[in-house]
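Below is one structure, written out as structure tokens; comments come after it.
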Amino acid sequence: MLHVLFFLGGLIVGSFLNVVICRLPAGDSLVLPASLCPECRQRLAWYELVPVLSYLWQRGKCRHCGTAISLQYPLVELATGAAYLGLFLLLGLQPKLLTSLMFISLCIPIVVIDLDRQIIPDQLNLGGAVLGLLAAAVSHTAFTDVLAGGLAGGVIMLLIAIVSRGGMGGGDIKMMAWIGLFLGLKMTMLALFLSFVIGGLASLILILAGRKRRKDFIPFGPFLAAGGFTAYVFGPAILAWYVQNFLH
Ligand SMILES: [Zn+2]
């Protein structure tokens, strides 16, 4: 029963994250006006806003003007639902489940917005700082470690931004700072390492596949999210595996 609740809860949060993704970069209010079709501005009824199902029932089109609805809506809802269910199965009911849900709920809109527009809105980074401190309080992490993680994340990204001359933006620096608050110092180091390994491999694949050229800009927020979240959930297991296999 709880499985279903976590999945449905994730779908509903995902539906709100779609609002964040559409409205935050444009500077629009997250609450008002009520949901409209972006094309014909027709106000949508509740049965047109049911996560995933409305999209399927309407065959991906607005009921009023017939304009295709972006596949991004059901995909964000499904991804959030799957993440909530997956984290519940992985972690069970414990404080870390709550903080992991907060972490992933920030990462999903950041990844989509950064891929789409190459920006990370300040409001999301600020929200990350608030939730990161809250997560530290929930998990009783030593406050000095929380601050050290945030500082290390921000400063290291700042240095990389300076050295790479614009390869990283201010949004990436701020994002790694709040990820550091969630992680503490040790896991922040692992997160940076993982982000650059994943980012490097992904860039290499994109270049080899001819989708990007060497000098093209590739948004880094998705890699910080991937490295940071992996370190947050699997970090202790990864470090234990490393110590066992390489430090004997
Ligand atoms: Zn319409």
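When only Cα pairs under 8 Å and 6 or more residues apart are kept, what is the percent relative contact order across the chain?
Details: 301 pairs, mean separation 42.2, N = 248.
About 17 percent, as a whole number.
Using the alpha-carbon atoms, what tilt in degrees (0 to 90, nearest 10) does helix 143-164 show relative to the longest principal axis of the chain?
Between the helix axis and the principal axis of the chain, the angle is about 80 degrees.
When the Kirkwood radius is taken over all Cα pairs of the range 1-93, what Stokes-Einstein diffusion coefficient follows at 37 °C and 0.692 mPa s, in µm²/s? Don't jump to the answer; show the numbers that get you there.
Values: Rh = 14.0 Å.
Once the numbers are plugged in, D ends up at 234 µm²/s.
Would you tally the net charge around SER203, using a Cβ to Cβ cut-off of less than 15 Å, leaving SER203 out, and scoring K and R as +1, D and E as -1? The partial results should precede the final answer.
On the way: positive: ARG211, LYS212, ARG213, ARG214, LYS215; negative: ASP114, ASP172, ASP216.
The answer is +2.
Compute the acute angle (0 to 90°) between the alpha-carbon long axis of helix 122-138 and the principal axis of greatest extent of the alpha-carbon atoms of the chain; round to the nearest 10°.
60 degrees
Using Cα pairs under 8 angstrom and six or more residues apart, how large is the relative contact order of the range 1-93, in percent? Write down the numbers at each step before the final one.
Working: 88 pairs, mean separation 42.4, N = 93.
Worked out over the range 1-93, it gives 46 percent.
Give the order of THR188, THR99 when sorted by the count of other beta carbons within 10 angstrom, beginning with the fewest. Each step should come with its number before you reach the end.
Values: THR188 29, THR99 22.
Ordered from fewest to most neighbouring Cβ atoms within 10 Å, THR188, THR99 come out as THR99, THR188.
Can you give the angle from 0 to 90° between the axis of helix 2-23 and the longest principal axis of the chain, with both taken from C-alpha atoms, to the nearest 10?
80 degrees
Given contacts defined as C-alpha pairs under 8 Å and at least six residues apart, what's the relative contact order of the range 116-248, whole-number percent?
Working: 156 pairs, mean separation 34.2, N = 133.
So the answer I get is 26 percent.
Would you mind telling me which residue in TRP46, TRP178, TRP57 has the biggest mean-square fluctuation in a Gaussian network model of the chain, where springs connect alpha carbons within a distance under 10 angstrom?
TRP46
For the chain, modelled as a GNM with alpha-carbon contacts under 10 angstrom, which of PHE229, PHE16, PHE220 fluctuates the most?
PHE16
If I stretch the segment between GLN94 and VAL163 completely, what's the gain in nm (0.36 nm per residue apart, minus their alpha carbon distance), one decimal? Write out the running numbers ahead of the final one.
Numbers: separation 69, 0.36 × 69 = 24.84 nm, distance 4.10 nm.
That pair, GLN94 and VAL163, stretches by 20.7 nm at full extension.
What residue among PHE103, PHE217, PHE182 has the largest mean-square fluctuation in a Gaussian network model of the chain, using Cα springs under 10 Å?
PHE217
Please report, in whole Å³, the volume per residue of the convex hull around the C-alpha atoms of the chain.
Per-residue hull volume (Cα only) is 158 Å³.
First check a/c for the range 23-64, with a ≥ b ≥ c the square roots of the eigenvalues of its C-alpha gyration tensor; if it is under 1.5, answer rounded, and if not, answer prolate when a/b is larger than b/c or oblate otherwise. Don't skip to the answer; put the middle values down first.
On the way: a/c = 2.06, a/b = 1.83, b/c = 1.12.
The shape class here is prolate.
Subtract the Cα-Cα distance of ALA240 and ALA26 from 0.36 nm times their separation in residues, and report this length gain in nm to one decimal. List each step's numbers first, then the result.
On the way: separation 214, 0.36 × 214 = 77.04 nm, distance 4.39 nm.
Net length gain for the segment: 72.6 nm.
Read-outs throughout are calculated quantities, based only on the coordinates presented, and are distinct from any laboratory measurement. Everything quoted here is computed from the prediction, not taken from an experiment. Neighbour counts are summed over all protein chains in view; Cβ atoms, including those assigned to glycine, are modelled from backbone coordinates with ideal geometry.
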